[in-house]
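For reference, the structure discussed in these notes is given below.
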Amino acid sequence: MSTLVRILRHTFRFPLQSSLSLLMAVACTVLVLVLPGITMQFIDVVIAKKRPDLIFPTAAIGIGAILVRQALFTLRTYFNNSLELKLTHLIRVELYDKLQRLPVKWFDSNSSGEIMSRVADDVPATNRVIIEGVDQAIAALLQFIIVLGYMFWHSWQLTLVTLIPLPFIAVLTTWWSRRSEPMWRESSEATSALNAILHDNLSGIRQIKAYTVEPQALESFDKASRKVGEKHMTVMRGQSLVWPGVSFIAESGIILMVAFGAWFALQGKIQPGVVVSFLVAWGFLFDPISRINTLSQTFTRGAVSAKRVFKIIDTPDEPNLTDGERPTQMRGHVRFENVCFSYSDEAPTIDGLSLEAKPGETIALVGATGAGKSTVLNLLTRFYEPTSGRILVDGVPLDGLSKEWLRDQLGYVTQESFLFNTTLRENLLFAKHDATDEEIWAALEAANAAYFIRASPDGLGTIAGERGSRFSGGEKQRLSIARALLKNPPLLLLDEATSALDNRTERLVQEALENLRSDRTCFVIAHRLSTVQKADRICVLHHGKLIEQGTHAELLALGGSYAKLCEATFANEPRPAA
Ligand code: ADP
């Protein structure tokens, strides 16, 4: 109920549209009495009192009223659709805005496919509740009351007979509505799971093809799709029993009504025209009840969807996103003090890490896969928060700083250099929204990316393709470097590409990185000998612990883990001239 109230509250944002919608619904409803009224007039006045002169005016009034009703119906459809579109837009944008303010951790446990289901399917389903609520439920209730009043006016005895099926129908539909809610929920959860698989498989289509696991992928899709069908069928099985049952009770009521009507007419209690008029009015009285089927489906589904939408909207924002200190300048002095962190309750991913980067220094993070190098960068960006210990930037603890400010000061170049499926210019403007074309080209030059953009006929207008598929790995990395250069941040976080680039590209990327690193504090996850050699300090991580730190030469002389790692990792790399 509270969900329903909450949904309806949204309509108050559009008072004009919702009142017009309601007004049209009422007007259309009142005019349903035209047909039974005119019918009764023909039988009891025109025929019974032999008044052929009234045939034409009565028919003309009837047709005129029906015309007005249909015209109002057109307006009602227009206002309803316009309200629905506005509401969908409102809730969709509210939901998206919330999604952007949720912590990265939330996205670890909610797949993109599921989230897309929330936005694409649940938002419209939520709004159907409002639209059907205003357009159908209120109008249906009103129609029921008006027709009932009309019937009581002409014969209260026959009206009572007409109402006999009603309590049975009410009990049956209420029971079914309660019973079907969990079924609808399971059905829509199955749809979300299917969407999640589809989204995952399409994103990973290259991997699926490369590993020729199409049959397995198809099987998991087939299983999920089958489940959607099965869950939907469970609801439909129930519906197929309940609704014919409702119709049976309702239609038996007609026979009962006509039988009693005939009896009352024979006794002279009512005119025959009243019985015929009741027969016509019966359709309008039970029409709202027959609509309960679709209405209750829409309501139950909508309530399930709305609960999920509101669950996201009610999730607390990422803390400290906008509030917190915003120093005028960042010098780039970073200190980790005994930082511990774990993604779950299991073993710590980062275990008592203490390290320092003075302004302008380059810190290379090395270690086996899974040692925790990316996690160190994730903590610096505050995508995740340490479980204990603290990180300071220019002497200020990170948790006192606004995350927006902090991220504004960071350049983050990841291995998976992400490009949005839009023009290169827009991709680069992400870093600096007011950058001129000259600045963009200067950044591209410094990132060794200008020459291949110039070669492209559309230049900066080239569309990057989904996830930047139009460009090679080395090109994407240099574009991502250009983006960071354009931003010109005091603190740089770099994840070097592990994939082997050809010698020329490798050299171009390295040069670009050199240009990027100059004069700023830089944390780099190093996979190249040249990077570690140039770093001011190398930090060797092992299972989240800092086990060695020093310069390349110092650590080699130490002959410990780094020396072994160096041997294993960089053995095949050409050593740059000293
Ligand atoms: P590295 O960068 O050194 O390869 P990571 O920092 O990526 O290592 O990962 C460290 C550990 O944390 C790994 O065991 C990895 O499986 C785990 N991990 C990384 N990201 C997440 C995450 N989002 N949720 C849970 N565990 C994660």
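Key figures
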read-out: Loop GluC sites (Glu not before Pro), the stretch 400-496, which have at most 13 other Cβ atoms in a 10 Å radius of their Cβ (DSSP); value: Glu416
read-out: Estimated FRET transfer efficiency (Asp317, Asn81; beta-carbon r; R0 35 Å; 0.05); value: 0.60
read-out: Counting all C-alpha pairs of the chain, share separated by more than 44 Å (%); value: 43
read-out: Linear extension gain, Arg331 paired with Glu251, 0.36 nm per residue minus alpha-carbon span; value: 20.7 nm
read-out: Rough spin-label spacing in nm, given labels placed 7 Å along Cα→Cβ, for Lys269 and Asn421; value: 7.0
read-out: Long-range HN-HN contacts of Thr387 with modeled amide H, under 5 Å; value: Cys340, Phe341, Ser342
read-out: For Gly332, residues with placed amide H under 5 Å, excluding near neighbours; value: Asp394
read-out: For Tyr412, residues with placed amide H under 5 Å, excluding near neighbours; value: Leu493
read-out: Net lengthening on full extension, Arg390/Lys307 (0.36 nm per residue, minus Cα-Cα); value: 26.1 nm
read-out: Accessible-area value, Tyr343, 1.4 Å probe, nucleic acids and ligands omitted, Å²; value: 90
read-out: Label-to-label distance, nm, for residues given as Arg101 and His89 (7 Å Cα→Cβ offset); value: 2.1
read-out: Reduced Cα scattering model of the stretch 415-488, Debye log10 I(q)/I(0), q = 0.12 Å⁻¹; value: -0.24
read-out: Shape metrics for the stretch 2-313, restricted to C-alpha atoms - Rg then Dmax, Å; value: 25.4, 88
read-out: Förster radius 35 Å - calculated FRET efficiency between Ala553 and Thr369 (Cβ-Cβ, nearest 0.05); value: 0.85
read-out: Cα centre as origin, Lys/Arg/Asp/Glu Cβ charges: the stretch 2-313 dipole, Debye; value: 460
read-out: Leading residue at positive end of dipole, the chain (Cβ point charges), from Leu23, Ser305, Gln143; value: Gln143
read-out: Helix 473-487 axis, angle to the chain major axis (alpha carbon atoms, nearest 10°); value: 90
read-out: Of all accessible heavy-atom area on the stretch 139-245, the percent that carbon and sulfur account for (1.4 Å); value: 66
read-out: The chain - accessible surface per residue (Å², probe 1.4 Å); value: 51
read-out: Helix axis angle, 437-446 relative to the chain longest principal axis, alpha carbon, degrees; value: 50
read-out: In sequence order, calculated HN-Hα J values of the stretch 54-68 (Karplus, 6.51, -1.76, 1.60; Hz; x Gly/Pro); value: 8, 4, 5, x, 5, 5, 5, 4, x, 5, x, 5, 5, 4, 4
read-out: Solvent-accessible surface (1.4 angstrom probe) belonging to Arg92, in square angstrom, nearest 10; value: 100
read-out: Among beta bridges that DSSP assigns inside the chain, antiparallel share in %, nearest 5; value: 50
read-out: Calculated from backbone phi, Karplus (6.51, -1.76, 1.60) coupling profile of the stretch 447-460 in Hz, x at Gly/Pro; value: 8, 6, 10, 5, 5, 7, 6, 5, 6, 7, x, 8, x, 5
read-out: Helix 292-314 vs. the chain, principal-axis angle (Cα, 0 to 90°, nearest 10); value: 30
read-out: Loop-located chymotrypsin sites (Phe, Trp or Tyr not before Pro) in the stretch 424-453 whose Cβ has at most 16 other Cβ within 10 Å (DSSP); value: Phe430
read-out: Cβ-Cβ FRET estimate between Leu241 and Arg178, R0 fixed at 22 Å, reported to 0.05; value: 0.90
read-out: Positive-end residue, the chain charge dipole about Cα centroid, Cβ charges, pick of Val228, Gln70, Ala368; value: Gln70
read-out: Relative packing of 115-121, 36-42, which averages over residues the other C-beta atoms within 10 Å, highest first; value: 36-42, 115-121
read-out: Karplus-derived HN-Hα couplings along the stretch 238-247 (A = 6.51, B = -1.76, C = 1.60, θ = phi - 60°), whole Hz, x at Gly and Pro; value: x, 4, 5, 8, 5, 5, x, x, 4, 4
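The values are calculated or read from the model by the stated rules, or taken from the named source; none is laboratory data. Keep in mind that this is a model prediction, so the values were computed, not measured. Note: ideal-geometry Cβ built from the backbone for every residue, glycine included; neighbour counts use all protein chains shown. Heavy atoms of the whole protein, side chains included, go into the accessibility calculation; ligands, DNA and RNA do not. Shrake-Rupley method; radii C 1.70, N 1.55, O 1.52, S 1.80 Å.
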